[in-house]
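Take a look at the structure set out below.
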Amino acid sequence: MEGFSDEDYEKPFFRNHSHVGKKEPFVLSPAGETPVVQIPATINRYLRDYQREGVQFLYRQYEAGMGAILGDDMGLGKTVQVISFLSAVLGRTGTREDITNFKKKRQDSPDDHEEKQQVFLIVSPASVLYNWLDELETWGHFRVGKYHGDPSLRDEVLTRAEAGRLDIVITTYETLRRNLNEVNSVRFDWSAVIVDECHKIKEKKAKITEAMGQLRVRRRVGLTGTILQNNLMEMWCVLNWANPGCLGDDKDFRAKFVQPIEEGQKMNSTKRQLAEARRKAKMLSNLRKKWFIRRTKKIIADQLPTKEEQVVFCKLSDFQQTCYQSVLESEDVQLVLHQNDPCDCNSGLRQRECCHETNKEGELVKQLMFSYLSVLLKVSNHVALLLPEMQGSKKALKRTQRVCDVVFSKHPHFVRLAREAAFRTLSDPKYCGKMQVCISGKKMF
């Protein structure tokens, strides 16, 4: 630690952040209660008011031993709110003091922490697992274990957690489902489970829903940016996972809320049914507020920074231009381009009304235009988008294959690369003008 200043250990620390408030902690625990539970000053100065309210909600539910659903719009910082909450309940300061405390705990016996041990489990889709790890590293000093991948390394993570050497264990939905018994067999109680994109557990009989319901943990926190109120049974499933039995079982909920609300939504509903539906919807909304909080960008627009949009025009790469020209020169597109020209049989009619009403496949020329506009749009975005997927109608798949035969007849290497080294090919600026602009912009910053 010698040679480093206090600022070097401060987390988070952003030199040019757009929103910086006073550097002071935000107290969550009631006045006079000890120990004081607070969002550390290092984090609090970067939070907006609605985010502090979100952390207060999470802490209030946590202290009451209840579950919670944080349903803010995407982009409003649900991850940061969770990390702020974790920092508070774990007593973090975001300073050198955290590192000192870690070293002290390493020297203590594991038995010294058995009663007061706090370990949180985070479950996320595999696609955002490393984003969580990055955000935890950025926003605070945490001892984090990744329970994913190599079985021997997974076992080591649980062993370290049992020994009081970890604060947070992070895993994925699928890893948890496959290793539920191991996660449930640890010699401590998880302080809480935090589930990202919890709308994935919206179906009662789904395997992942069953696995999440069997997880041995008292407090359950879910994060979702997807609106749940469009399907009441899906909303029940998520809320019932967070707080089992809070809205009764599924049959009771359907009879008490779903049926009367759906009856009132019918075109031929009576005034009595409509009034009852509104009453039940209001009752459900008030009940939901006990466990569910949702803020939209529209509601908190006054707290958000002004959005600045910049449009960058990207030229097609040479490869894209070649492919684009190949599409334009294809027989179908030529039929579309010349459909209003006089027919070459000298009948006096337009081509699409005479000898060229359809292409060789029997498709009407006048119906091809929008299909090929879509093809040209794909080429403009990335040529790899032309590669056929096993979806859609047989006619659409056949047309796609026909286009690919025309475009890639001169570039067979691209098809091979797109399949064997997909990520590298997709990000290669040779094949995409947008990537050329992105790379140029990266050099600027």
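How large is the Kirkwood hydrodynamic radius of the chain, in angstrom, based on all distinct alpha carbon pairs?
Over the chain, the inverse of the mean reciprocal pair distance is 26.7 Å.
Please report Rg over Rh for region 318-444, where both radii come from the alpha carbon positions and Rh follows the Kirkwood definition.
Details: Rg = 17.4 Å, Rh = 16.2 Å.
Reported Rg/Rh, Kirkwood definition of Rh: 1.07.
Tell me the mean residue ellipticity at 222 nm calculated for the chain from its helices only (DSSP H runs of n ≥ 4, each -39500 (n - 2.57), averaged over every residue, nearest 500). If you can, show how the numbers build up before the last one.
On the way: 21 runs with 200 residues, N = 445.
Value at 222 nm, helices only: -13000 deg cm²/dmol.
I want the antiparallel fraction of DSSP beta bridges within the chain, as a percent rounded to 5.
15 percent
If eta is 0.890 mPa s and T is 25 °C, what Stokes-Einstein diffusion coefficient results for region 35-151, Kirkwood Rh from Cα pairs, in µm²/s?
In µm²/s, the coefficient is 156.
Select from region 240-341 those trypsin sites (Lys or Arg not before Pro) which occupy a DSSP coil region and have at most 11 other Cβ atoms within 10 Å, ordered by residue number.
Passing both the DSSP loop test and the Cβ count: 266, 289, 298, 307, 315.
Every number here is computed from the coordinates shown, using simple stated rules; none is lab data. Quantities reported herein were computed from a predicted structural model and do not represent experimental measurements. Backbone-built Cβ (ideal geometry, glycine too); neighbour counts: all protein chains shown.
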